[in-house]
Structures are given as C-alpha cells and as structure tokens.
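S.K.: Take this structure first; my questions come after.
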Amino acid sequence: MIQFEEAIARIASVARQYSPESEVIPLEEADGRICTEDILSPEAVPSFNNSAMDGFAICSEDTLGASEENPVRLSVSSIAAAGDEVVSYSSDVRAIEIMTGAALPDIFDAVVKIEDVKILRSEAGGGHGILISSFIPKGNNVREKGEDYKVGQIVLSHGACIRAESMMALAGLGISEVTVFKKPVVSILSTGKELVPLETKSLKPGRIRNSTALYLKTAMAHLGARIHSVETIGDEVGVFKDHVQRNLAQNIDVLVTTGAVSMGKYDFIVPALLEMGAEIVFHKVAIRPGKPILFAKIKRSRGNPLIIFGMPGNPIASAVGFRFFLTPFFREFYGQHPEQAWSVKLSETTRKPENLKCFFKARLEKEAGDLVVRSLAGQASFMISPLVQANAWVLFPEVGTQVSKNQRVDVFPLLQNEFFEWGNL
C-alpha cells in the first residue's frame, strides 16, 4: 500500500508518457474541448479607436480651463454612428456627435458623454453646438485600438478548456477553427452478479441497482472524454479478459472498472490483469474511502497502452477514485496544471481514521460572514444520500485521529470545473 501523494506522482508519470492526438474542429463545436497549443490573437481588438459612450467627439485641449463659470462652446458639425464609414475632417472641425461603437476620427482624442454637456439648439431645432463645463482628459470614453487584445497576445494557453466566454473572444478575433486534443475514449465496466439495471423496479434479495456506472458516465463529461461503452458483467474471469482484449483491439484509451479489486474470493481483476501481462502501477492506497483502488496499464504492439483504473465497488469509493485519481490523470494528459484546493477552516472537530488520507463528503458554508467547511454525517462508502447534500469534498491528512475545529483543510468542488453552490453560501 502506498501513500496518496506517491499514487498521484505515479499517475502523472504514466500520463506524461502518453501521446494524445489532436484534431482541428469548428469553433462552434469547441465547448469543453482542450487546447493543444497557445492560441495567439491575429489582430488588435478593438481594431480601431471608437467611442465608449453616446456623446460628442472632441479634442481634449479645447476644454482646458473649462468650468461652470466659464464653459467652452464647441460647434457640432455632423454625426457618426456605429458601422459608419470613417470620415476625414478638416482641422477646423471642433466636435461631432458620436454614438457608442462608432469609429473615432483621427482629429479627435476624447469623447464627452451627452449627459455631461449642455446642448445648444437653433430655433429650427437642429443641433448647433455644445457647452462643456469641465476639462475632458485625453482618451476619455475612448476604446483604444488593441485595448482588449494586442496582435500576438495569448488568448488561450495550451491546456486551456474552451468555454462560452473564450468562444466569444475567438469569434471576435475571426478564429473559426481551433486545434484541440481528440477526446480520450473511455469504456466503463461494472463487475458483480449482484448488479441489476437501474430500470429494475423490484429488487430481489441480494441485488442492487448499478448506480455507479451512470455516475461515472455522467462525470466523464467534466473530463472531456468520449464514452465508448458502459457494460456490466458477473464474476467470470474469462468474460473480463475478453472485455479487456476488445478494449485493446478497439484502441480504447482508458478502461474504468468497478468492483473486484479487493481481497475477496471474487476479487479477480488484479490476478486476471497479471495473467494478461499488465503492469500494476499501484494497487491499494492509504485513503478512505477507496483503499483497494488499482492503476494499471497494458502495452499494445503499437500506440499508447490501455490505461486501467480499477475502482472499488462501493459508490462513494468509486466517486473518490474518479475525482482524485482519474481527474489528475486527465489533467496531466492534457498538459494542465494540477488542480488547486481551497484552504478553508473546519467548522467543527471531526474524527478520522489514523494513517489514512480521508476524502469526506462536505458542505462549504458561511458562518459569521466567513467561509467554513462542515464534514457531513454518513461517511460510509455505500451512503449516497450525504453526497447529494454535499457541495464539496474536504480532505483530511493521514496523521492523527481527528482534525480540530478552525484548522485549515483542503476543499474541492464535487467535480472539477464545477462551482460551489454560491446561492446557498
């Protein structure tokens, strides 16, 4: 049995040896995909100086000395709206009316808001001039060329996850295609003759619905994976070996199994994998829940090996395995930095087993205006109901049998890229 940090180091080492493929896809299909390279801005944004307000384009120096007692009067020559062609003006033109987004002619260097001037109108009702009662500095209410993005500026870095906001930026830059990692192909295999489909209405004694497979299939979306298959088998070693051989032949990247990795009579996965020539990177980690977790790989004659994560059968043990073992593997696979925990005070003293790193279902809450985390009742690995009430995982160190109130502990959201429930904090 190894320590958690050693397990993560071994996972990272294997993931760094993997050679993921890339593909070019339309920007419209890029939500949730991972960049394989830095994306640089091909142009300046904005591409021209423009007005940030509805108002009047002026020269700053014309307002020197302006005050309520001594306002500056400027004649207004014309109007410019967003999308209009840029007009060249002679140097004797002192002001034009300008709308938000309209290009700022070169002779002007500031915009004064319409509500900050007094408009002087002719008797016919047309615009005649404006009075400005304060100094307007250069650049006032002007969106300068390149203020958002400069040519060559990094828009998204290698390993960045493309989301709606980054798609907005890329679209604004005219980038219609992006190079991303191909989605890793994952198969999920549940083992155990006690498992029945979730649609089963009436359970016979000794049978349970397979809830973990659906959790894993759904949670995989947070890792950008493509699910190839979700299957359930009994406790037959031959059937398991056949499934692994199909995964090898079909170039599946990652096989995730549940059950049959502990020390019981029917815990056949480790011996079966050894018989097939697999390398057991580790089996058993000093954690709770999920101590029997397995990480292995089987070489192919060509290409990347088949990666195997063997999760314990209890649902929360599998959830911990996914969150704190599979997720770091995929982050390393994509070239992303390790995920950073929040450091939060514990709301109450909590007992834990000695010499095991613990991943407990928890709630991040506000207490007297400060964020605290509370470990929930019901930490047994078969209990799903506390996970439904949780909005976080709290991590406790190996040393000691309790963690004291107000001690700072590491906290993670239930899934990566998932926000805590802010509305309830």
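The values are calculated or read from the model by the stated rules, or taken from the named source; none is laboratory data. This one's a predicted model, so the numbers in the text were calculated from it and none came from an experiment. We place every Cβ from the backbone using ideal geometry, glycine too, and count neighbours over all the protein chains shown. These area figures cover heavy atoms from the full protein model, side chains too; ligands, DNA and RNA do not enter into them. Shrake-Rupley method; radii C 1.70, N 1.55, O 1.52, S 1.80 Å.
S.K.: Here are the criteria: (1) surrounded by 14 or more Cβ atoms within 10 Å (Cβ to Cβ); (2) part of a loop (DSSP other than H, G, I, E, B). Tell me which single one D92 does not satisfy.
M.R.: D92 satisfies all of (1) surrounded by 14 or more Cβ atoms within 10 Å (Cβ to Cβ); (2) part of a loop (DSSP other than H, G, I, E, B) except (1).
S.K.: Take V373 and tell me if it is open to solvent by less than 10 Å² (accessible area, probe 1.4 Å) and assigned to a strand (DSSP E or B).
M.R.: When the stated conditions are applied, V373 passes them.
S.K.: I need every pair where a residue in region 19-48 that is closer than 13 Å to G224 by Cβ has its Cβ under 6 Å from the Cβ of a residue that is open to solvent by 40 Å² or more (accessible area, probe 1.4 Å), sequence separation at least 6 or different chains.
M.R.: E23/K182; C35/H158; T36/S22
S.K.: Considering only residues that are open to solvent by 60 Å² or more (accessible area, probe 1.4 Å) and either part of a loop (DSSP other than H, G, I, E, B) or touching a residue at least 40 places away in the same chain (Cβ under 8 Å) (or both), which ones fall in region 263-278?
M.R.: Residues satisfying the conditions are M263, K265, Y266.
S.K.: May I pose another question? Sort out which residues of region 21-54 are of a type in the set (G, A, S) and either in a loop (DSSP other than H, G, I, E, B) or closer than 30 Å to M220 by Cβ (or both), and write them in order of number.
M.R.: Selection gives S22, A30, G32, S41, A44, S47, A52.
S.K.: Identify, from the list A66, A57, the residue that is part of a loop (DSSP other than H, G, I, E, B), open to solvent by less than 30 Å² (accessible area, probe 1.4 Å) and at pLDDT 95 or above.
M.R.: A66
S.K.: Within the group E348, E418, E365, which residue is within 30 Å of E165 (Cβ to Cβ), of a type in the set (D, E) and part of a loop (DSSP other than H, G, I, E, B)?
M.R.: E418
S.K.: Here is a further query. Exactly one of (1) more than 30 Å from S47 (Cβ to Cβ); (2) at pLDDT 95 or above; (3) open to solvent by less than 20 Å² (accessible area, probe 1.4 Å); (4) in contact with a Lys or Arg (Cβ under 7 Å, 6 or more places away or on another chain) is unmet by T257. Its number?
M.R.: It fails just one condition, (4).
S.K.: Among the numbered criteria (1) touching a residue at least 40 places away in the same chain (Cβ under 8 Å); (2) surrounded by 14 or more Cβ atoms within 10 Å (Cβ to Cβ); (3) among the charged types (D, E, K, R), which single criterion is violated by R226?
M.R.: Condition not satisfied by R226: (2).
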